[in-house]
Amino acid sequence: MLWDLFCRVIDNHGDLGVTLRLARNLVERGQQVRLWVDDARALAWMAPAPSEGITIHAWPESEWPVAAVGDVVIETFGCELPEPVQARLARTPPLWLNLEYLSAEPYTLRSHRLPSPVMSGPARGLSKTFWYPGFVPGSGGLLREKDLAQAQAEHDRAAFLTELELQPRSGERLVSLFCYPHAPRQALLDRLSAEPTLLIGMGNCAEGLVARGQLRIQPLPWLDQTTYDRLLWSCDFNVVRGEDSFVRAQWAGKPMLWHIYRQDDDAHAAKLKAYLDIRWPDRTSPVRRLWQAWNGLAPVTELDLPSSLHSWDEEAMNWRGELGRQTDLCDQLLAFAEDTSAGIGSVPG
């Protein structure tokens, strides 16, 4: 099948990162993908090598430049399809999906796969289906490559670190840092400096940070998705942000800390709580307080790390195993598309 994925880059890199992951997962399963994006600049470092089966196209503002739409059209994160695209959909309606933001909040399970009628515009009278990714059965699942477990098993940590010119000393733990500018980074560094630690700052995340105590700091430029995944596998502890790296850190099976995207209406607080409730349901868990403090939802004095990060290893691996037993997002999408094939248009010739 041919899939048209639409993405508007609002800020940061998560929206495009997730859409690119989805495109790659689809191609891995024998699909063809056209990616329509309004700002493709981040792809220069996110995916420097062209991906076979994926073509990149500029956002169609004034006209739809191809003969027909694909079998499946996905607007990511409510980006709203351009009117020329909606007009073309009205002529030969495909399966139309809205891929929503990842959340563990209960409403997502109630809303997953619900159709929504289009009430205005050129596509009035059509219907699109809402797809909610998630962490539990009944949700839309998480993006995961078919060969992920094998790739992790074959990963050569020492060779990879040498490739990136990272040289941790004997007994030194490796910590990756990817966060938003308002994170309490200095407080985190104070805690990390109590033990031998090499902190790897992604992109501009290490700017203004100074080594202290037993802490060394090494910045890295933005990495392509495959290399970043391998970095997460190689570290002892991963600090991540947004949505794409959040999921990838869970697949890494290592202790982690998530910096959620902050929203003006404090919606992020409920979103974070919902995730903590399914992963660490014990309200007295020190991990919950750590995550809350990192996200400005508890005093920064509660930003306490355990004496050994390795104490989290078993929990992280068990959580990865629990997620891995569920059907991933892409396989669910393919099954859904096949089940509703009567409403899908033809692949353009």
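The values are calculated or read from the model by the stated rules, or taken from the named source; none is laboratory data. Since we're looking at a predicted model, the values are computed, not measured. Note that each Cβ is placed from the backbone with ideal geometry, even for glycine, and that neighbours are counted across all protein chains shown. Ligands, DNA and RNA are excluded from the accessible area calculation, which covers all protein heavy atoms including side chains. Shrake-Rupley method; radii C 1.70, N 1.55, O 1.52, S 1.80 Å.
A few notes on this one:
- When THR340, THR19 are compared by accessible area at a 1.4 angstrom probe, the order from most to least is THR340, THR19.
- The share of alpha-carbon pairs in the chain lying farther apart than 29 Å comes to 42%.
- Separation of the LEU164 and ASP282 label points, Cα + 7 Å toward Cβ, nm: 3.1
- Normalised by the number of residues in the chain, the average gap of Cα pairs under 8 Å and 6 or more apart makes the relative contact order 17 percent.
- Centre-to-centre separation between the Cα atoms of the stretch 1-51 and those of the stretch 92-171: 12 Å.
- Rg and Dmax, both from the Cα atoms of the stretch 216-349 and both in Å, are 18.3, 62.
- Protection proxy ranking for 201-207, 76-82, 48-54, using the average of other Cβ atoms within 10 Å per residue and placing the highest first: 76-82, 201-207, 48-54.
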